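Bear in mind these aren't lab numbers, they're just calculated from the coordinates by the rules spelled out. This one's a predicted model, so the numbers in the text were calculated from it and none came from an experiment. Please note: Cβ atoms are built from the backbone with ideal geometry, for glycine as well, and neighbour counts cover all protein chains shown.
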Amino acid sequence: MSDNQTPEQRARNEIDKKLNDAGWVVQEKNKIDWSASRGIAVKEYLTNVGPVDYVLFVDRKPVGVIEAKKDEEGHRLTVVEEQSS
């Protein structure tokens, strides 16, 4: 990781690493290769309510959403409930 990255870039790198370590293949929204794995995490995926940080797909079906927030926002997770739905 580069020292000149923004906190958001560092956080995304850490999330990508954790997803990869858990067996997910992380991909960009405009370069999805469905044959890469059964489990694919797509970054900045566009939904009906706007983009989300990651959508998790298993066999091309969405099974989960990851919406990253700053540590200080962790106590207010209900604020992103509509965004995640």
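Tabulated data
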item	result
Protection-proxy order for peptides 27-35, 9-17, each taking the mean of Cβ atoms within 10 Å per residue, highest first	9-17, 27-35
Peptide ranges 39-45, 20-26 listed from the most packed, as the mean C-beta count within 10 angstrom indicates	39-45, 20-26
